[in-house]
Amino acid sequence: MKDLKFEQKRSLSRLEAADQLTALAAALREGGDAELELSPGTLSLRIPDDLRSEIEVEIGNGEVELEIEFKWPTAPTRKAPSRTVAGTEKARGRKNVPAKPGRSSTATSRTKSAKRSATKTP
């Protein structure tokens, strides 16, 4: 059983159909709580950022039928953390010290070794 079903069938001019699609497009673009003006009243919907769509075209019996369907869950969905966020959290645990310009860690080790051997020699 459906929680709610609203269905409206009526004849429209091409301009009226375009106005309905424009209103729907604006509601989809804004997302969140959207209100669509329909002839008997207003339909309020919560539209999330991500949804599924289906477009169906049937031609037969002298008619063209075009269905555009959007689906989304009624409960808000939680997004999984992205890999960049997880990588950032790991990086925060380590202390990043920038290397001194013009020196690499290998060059620094060699310099220390050279200084030690220079000081050992009388």
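A few points about this structure:
- Rounded to 0.05, the FRET efficiency of the THR22 and ASN61 pair, given R0 = 41 Å and the Cβ-Cβ distance, is 0.90.
- In this structure the amide hydrogen of LEU38, modeled in the peptide plane, comes within under 5 Å of the amide hydrogens of LEU43, none closer than 5 places in sequence on its chain.
- For the range 1-73, the list of trypsin sites (Lys or Arg not before Pro) that fall in a loop by DSSP and count at most 10 other C-beta atoms within 10 angstrom reads LYS2, LYS5, LYS9, ARG10.
None of the figures in this text is laboratory data; all of them are computed from the coordinates on show. Owing to the predicted nature of the structure, the values given are computational and were not obtained by experimental measurement. Don't worry about glycine lacking a Cβ; one is built from the backbone with ideal geometry, like all the others, and counts go over all protein chains shown.
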